[in-house]
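The values are calculated or read from the model by the stated rules, or taken from the named source; none is laboratory data. Because the structure is a prediction, the values reported are computed rather than measured. Methodologically, a virtual Cβ is constructed for each residue, glycine included, from the backbone with ideal geometry; neighbour enumeration extends over all protein chains shown.
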Amino acid sequence: MTKPIEEQLAMIDRWVRLAEKAVADDPGGFLMVAKRRTKTEWYIKRGQSGLHYLPKSQENLARSMAQAAYARDFLKAARKVRKELIRIQTMGGERSAAIMYHKLAAPYEKLSDARRKLIRAYVLPDEEYAAAWKTLPYEGKPFAPDTPEIYTELGERVRSKSEKMTADKLYRMGLFYRYECPCVIPGIGTLYPDFTILDLREREEVIYEHFGLMDQPDYLKNVLWKIDQYQKGGYPLGWRFLCSFESSAQLIDILAFERMIKDRFGLGKTKKP
């Protein structure tokens with residue numbers, strides 16, 4: 001399953017509006033960004049005049065000029081991608097959003113590091129997007145004083161050995177995840193899924209829950225409630241919501257878990273990043 005083309009087009013339209021505004025706000029002229037060892041300098045050229053040094057006090061001018069230049073390149077790429085998507089949509093086809101992200105990140109990727117620092121990118125390359133996602137702060141559930149101290153290979157504290165196994169497996173597969181990151185479900189409130197995994201291809205968050213006490217009636221009722229709430233909240237089972245089950249008589253099948261993750265995230269051989 002991929003992000004529907006209608007959704008991809010809506011995203012492009014939002015970015016196009018932002019880019020068009022940046023172009024409309026362009027103060028005009030040409031901006032040159034020069035790297036001088038540890039210092040970056042800006043120069044502008046307008047009309048027939050030569051290059052003029054731009055002091056730090058005029059950083060906002062440099063940012064506006066750099067943003068407008070980037071926005072013009074972005075608009076060219078966005079209109080081309082939009083045209084391609086409409087053609088595919090007309091034919092009744094689908095296409096992974098990964099292609100859209102890759103093509104729309106290109107105008108940013110070609111910029112120097114000094115220019116990148118001046119602008120706000122509409123679409124980041126995969127590596128930078130993943131790094132930003134991974135470092136977003138959040139507050140998970142607190143640990144009770146008597147909770148055993150169990151840590152993953154990344155040094156994160158988890159509540160059980162099965163959660164440590166899951167976290168370590170995801171890490172070795174090269175997947176980015178958050179442990180017990182709050183998930184707000186409209187009309188219900190906040191749930192804390194075991195893991196929230198990033199699908200970098202489609203740039204979607206996928207929830208994974210391991211239900212380990214399935215032979216307990218009260219626990220089972222809560223599991224069924226949770227599955228229903230996640231689906232109502234926009235996390236359909238099998239795509240944006242994955243789960244596994246365990247009881248005292250039937251332990252989790254590690255190989256089945258690994259196959260499920262590989263299939264869902266399009267992974268090949270298991271490897272450590």
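Just one of TYR208, TYR230, TYR235 is under 16 Å from ALA167 (Cα atoms) and touching a strand residue (DSSP E or B) at 6+ places or on another chain (Cβ under 7 Å); which is it? Only one candidate qualifies: TYR208. Annotation: THR147 fulfils all but one of (1) surrounded by fewer than 16 Cβ atoms within 10 Å (Cβ to Cβ); (2) at pLDDT 95 or above; the unmet one is (2). Residues that are free of Cβ contacts under 8 Å to residues at least 40 places away in the same chain, among the hydrophobic types (A, V, I, L, M, F, W, C) and crowded, with 19+ Cβ neighbours inside 10 Å within the range 150-205 comprise VAL158, ALA167, PHE195, listed in sequence order. Scan the range 215-232 and tell me whether some residue there is touching a helix residue (DSSP H, G or I) at 6+ places or on another chain (Cβ under 7 Å), on the phi < 0 side of the Ramachandran plot and part of a loop (DSSP other than H, G, I, E, B). No: zero hits.
For every residue, the table says whether it meets (1) at pLDDT 95 or above; (2) hydroxyl-bearing (Ser, Thr, Tyr).
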site	(1), (2)
VAL16	yes, no
TYR43	no, yes
LEU51	no, no
SER96	no, yes
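State whether one or more residues within the range 73-96 are out of contact with any His (no Cβ under 8 Å at 6 or more places or on another chain), among the basic types (Lys, Arg) and under 25 Å from VAL206 (Cβ atoms). The answer is yes; a qualifying residue exists. Among what's in the range 18-41 and is among the small types (Gly, Ala, Ser) and modelled with pLDDT of 95 or more, pick the residue that is farthest from LEU75 (Cα to Cα). In this case the residue turns out to be ALA24. For residues in the range 172-231 being within 14 Å of the chain's Cα centre (by Cα) and of a type in the set (Ser, Thr, Tyr), which is farthest from GLU153 (Cα to Cα)? The extreme case among them is THR196.
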